1. Take residue 140 and residue 109, extend 7 Å from each Cα along the Cα→Cβ direction, and tell me the distance between the two endpoints in nm.
2. Between the stretch 1-52 and the stretch 155-182, what is the C-alpha centre distance in whole Å?
3. Taking neighbour Cβ counts within 10 Å as the exposure measure, how do 183, 38 sort from fewest upward?
4. At 7 Å along the Cα-to-beta-carbon direction for both residue 171 and residue 66, put a label point, then send me their distance in nm to one decimal.
5. Per the Kirkwood treatment, what hydrodynamic radius in Å, one decimal, follows for the stretch 2-63 from the mean inverse distance over all distinct Cα pairs?
6. Relative to the Cα centre, what is the charge dipole magnitude of the chain, using +1 at the beta carbon of each Lys and Arg, -1 at the beta carbon of each Asp and Glu, and rounding to the nearest 20 debye?
7. Under the Karplus relation 6.51 cos²θ - 1.76 cosθ + 1.60, θ = phi - 60°, what is the ordered set of whole-Hz ³J(HN,Hα) values for the stretch 124-138, x standing for Gly and Pro?
8. Can you tell me the 0 to 90 degree angle between the C-alpha axis of helix 176-189 and the longest principal axis of the chain, rounded to 10?
Amino acid sequence: MKNLKSLELNNNNLKNIPDFVFELENLQSLELGNNLIESIGDEIIELQNLRYLSLTLNKVEHVSANIRNLHRLEDLYLYGNKLDTFPLAPKSLRKLRVGMNYIDVIPQRVGELKELTELWMGENRILTLPDGISRLPNLEVLDIGDNLLVHLPDSLLRKRLKILVMKNNPRLEMTAEIMEWAERRVRSSFL
């Protein structure tokens, strides 16, 4: 199994990531969705070739800071867990899904994820977005729906987003600038 590149262990009632997984040095894709896993431990550093990691629909409350050192990781899916803090992430990340958690603060360091094209944060408890989110040059998809947002940073409206989900933010002030920005996006999509 040393040469294994992809492993799916979805729907197995796992309470933690099995030890043998960390011996799979060539592993590039690991799916552990719909289990009972509560933590991504320090051992994750052993999976240096990992490009795709999914722990959707688990009970994850903690993600080891070691995940930041997985320099090949491009897709990290952690939606449907119990995270209350935004996870540290490697700068190589292209897609990050952390929706359906309990996150209330997005740190400025999100702006360090320069390769990020998709950021899905819907169904959390987010109150504000940092200006750092506007420093993501490749961001095309942003889901901030179903949160507690009050306003959006003006700099976000200068992004060239292709998809922006803002639904169900009852406190969000829909300023003239937001409405004008949305109208321009709709018009340009029909050209």
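What follows draws every value from the coordinates through simple rules; no lab data is involved. The structure displayed is predicted, hence computed values, not measured ones. In this analysis, Cβ positions are derived from the backbone assuming ideal geometry, glycine residues included, and neighbour counts consider all displayed protein chains.
1. With each label placed 7 Å out from Cα toward Cβ, I get 2.8 nm.
2. Value for the Cα centre distance between the two parts: 37 Å.
3. With the sparsest Cβ surroundings first, the list reads 183, 38.
4. Each label point lies 7 Å from its Cα, and together they span 3.7 nm.
5. On the way: mean 1/r = 0.0868 Å⁻¹.
Result for the stretch 2-63, one decimal place: 11.5 Å.
6. 600
7. 10, 10, 5, 9, 9, 10, x, 4, x, 5, 7, 8, 9, x, 9
8. 70
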